[in-house]
Amino acid sequence: MILYSVSVVVPVDLADEWSNWMQTIHIPDVMATGIWKEARFSRVHEPVMDSHVTFQTQYLCSSYDDFDRYREEYAPALQAHHNELFGTRVMATRSVQEVVAEFTA
């Protein structure tokens, strides 16, 4: 499995609007691509920043081939839409990880 993680730093005054847009529009659009098996959207509580809030979205897909298809076919338009709305007010970092093992309680 492949874990695609996107961390976004958002100014406090934009956090509610951005979070709402992510949950009602962006993440559903990403999931509608059919690439992803699941997604998680989190607000980072530590470390704390006074002027910004950090959010993390994690998407899980079956293979690197699926991820590459997402990156080539869907990501450019989805990221462009995000940039149109929020531009340089937010800063995103992305990582791609291979899930080596999973454990449950």
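Observations, loosely collected:
- Rounded tilt (10° steps) of 64-73 against the dominant C-alpha axis of the chain: 50
- For the chain, the square roots of the Cα gyration tensor eigenvalues, ordered a ≥ b ≥ c, give a/c of at least 1.5 with a/b no greater than b/c, which places it in the oblate category.
- Residues in the stretch 5-14 carry Karplus couplings, in order, of 10, 10, 9, 10, 9, 10, x, 3, 5, 10 Hz; the curve used is 6.51 cos²θ - 1.76 cosθ + 1.60 with θ = phi - 60°, and Gly or Pro positions show x.
- Averaging Cα coordinates gives a centre for the stretch 68-98 and one for the stretch 25-42; these two points are 12 Å apart.
- Sorted by Cβ neighbour density within 10 Å, fewest at the top, the residues Glu84, Glu17: Glu84, Glu17
Only the coordinates and a few stated rules stand behind these numbers; no lab work does. Only a predicted model underlies this, so the values are computations on that prediction, with no experimental measurement involved. Heads up, the Cβs are rebuilt from the backbone with ideal geometry, glycines too, and the neighbour counts pull from every protein chain shown.
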